[in-house]
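Presented below is the structure to which this report refers.
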Amino acid sequence: MFVEVDLTFEQDGSRIARNAPRRCLSFTPLERGQLALDKLPAYLASVPLYREANQRYLQQAPDALAAWLADALVHAGEARGSGGFLVPTALG
């Protein structure tokens, strides 16, 4: 069973690269209370997980990566846009 899971992940690194940053980023607004959308591209570039996943698999411009991740969190109901900030829905 574990071999099958490992092979799946090995064969589709881009799937992991899409999911890991999205899941990890969902905790950042919770920790900070909010995250400024205009600072998100620089934040993503400063964190090795996001930067390396983008360079190796996603290959998005910083603004495009930030927009995609913010949209993914809003679409999943984990955050909402409010006055230029990404605010976790768990905080109301």
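Answer yes if at least one residue in the stretch 84-91 is of a type in the set (S, T, N, Q) and out of contact with any Gly (no Cβ under 7 Å at 6 or more places or on another chain), and no otherwise.
There is no residue in the stretch 84-91 that is of a type in the set (S, T, N, Q) and out of contact with any Gly (no Cβ under 7 Å at 6 or more places or on another chain).
How many of the residues in the stretch 9-58 are under 17 Å from G84 (Cα atoms), touching a residue at least 40 places away in the same chain (Cβ under 8 Å) and more than 13 Å from the chain's Cα centre (by Cα)?
Result for the stretch 9-58: 5.
Looking only at the stretch 60-75, decide whether some residue is touching a Leu at 6+ places or on another chain (Cβ under 9 Å) and at pLDDT below 85.
No, because not a single residue in the stretch 60-75 is touching a Leu at 6+ places or on another chain (Cβ under 9 Å) and at pLDDT below 85.
Filter the stretch 36-81 down to residues that are of a type in the set (S, T, Y) and farther than 15 Å from S14 by Cβ and give me whichever is surrounded by the fewest Cβ atoms within 10 Å (Cβ to Cβ).
Top of the filtered list is S46.
Got a number for residues in the stretch 41-92 being in a loop (DSSP other than H, G, I, E, B), touching a Ser or Thr at 6+ places or on another chain (Cβ under 8 Å) and farther than 14 Å from C24 by Cα?
Looking only at that region, the number is 1.
The values are calculated or read from the model by the stated rules, or taken from the named source; none is laboratory data. Just so it is clear, the structure is predicted and the values come from calculations on it, not from any experiment. Note that we place each Cβ from the backbone using ideal geometry, even for glycine, and neighbour counts take in every protein chain shown.
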